[in-house]
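Please read the structure below before turning to the comments.
Nothing in this text is a laboratory measurement; each read-out follows from the coordinates by a stated rule. Remember, predicted model here, so these are calculated numbers, not experimental data. Note: ideal-geometry Cβ built from the backbone for every residue, glycine included; neighbour counts use all protein chains shown.
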Amino acid sequence: MMEYLLELKNWLFTLGEDHGVNPLFLACLYLTSKVFFFTFLGLVLKNLRAKKPVTFLLLFACASFSVPYIYIIIFGYNISIWIYLFIAVVYSYGAYSIWKKVTTKPVVAEAPVK
């Protein structure tokens, strides 16, 4: 089992060298960006319920969502076109899911009558 993990690590670092992207840095960017994304999205929902402005929070959520992909686009080279297509699909789906979460009203269950 250890040989497979070592082989996977070597393959990932070889890919990183071939394309100019550090896999560990990319993984850290990806994980931290998702934490910030969901944090800002939660703040957006909280402000929507309180009828407060959400523009900057949405911008921060979008920016945090985009960080790892921007890193690949800026610093990566010799990257296949399907990677760029995948990034476009991720952006499109992210925008769609944010729109759906922000525009849907929560269903409030009615309390039972005593």
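At R0 = 41 Å, how high is the FRET efficiency between residue 100 and residue 77 if r is their beta carbon distance? Nearest 0.05 is fine.
Numbers: r = 35 Å, r/R0 = 0.86.
Plugging the Cβ-Cβ distance into 1/(1 + (r/R0)^6) gives 0.70.
What length, rounded to one decimal in nm, is gained on full extension from residue 63 through to residue 10, with 0.36 nm per residue of separation minus their alpha-carbon distance?
Working: separation 53, 0.36 × 53 = 19.08 nm, distance 3.11 nm.
Answer, rounded to one decimal: 16.0 nm.
In deg cm²/dmol, rounded to 500, what helix-only [θ] at 222 nm does the chain give when every DSSP H run of at least 4 residues adds -39500 (n - 2.57) and the total is split over its residues? Working shown, then result.
Details: 4 runs with 89 residues, N = 114.
Only helices count here, giving -27500 deg cm²/dmol.
Residue 22 versus residue 88, label points 7 Å from Cα toward the beta carbon: distance in nm?
3.1
In degrees, nearest 10, range 0 to 90: what is the angle between the Cα axis of helix 81-103 and the longest Cα principal axis of the chain?
Compared with the principal axis, the helix lies near 10 degrees.
Between 47, 26, 65, whose Cα lies farthest towards the positive end of the dipole of the chain when Lys and Arg beta carbons carry +1 and Asp and Glu beta carbons carry -1, centred on the Cα centre?
47
Using only the alpha carbons of segment 2-102, determine the length spanned along each of the three principal axes and report them from longest to shortest in whole angstroms.
That gives 54, 31, 19 Å along the principal axes, largest extent first.
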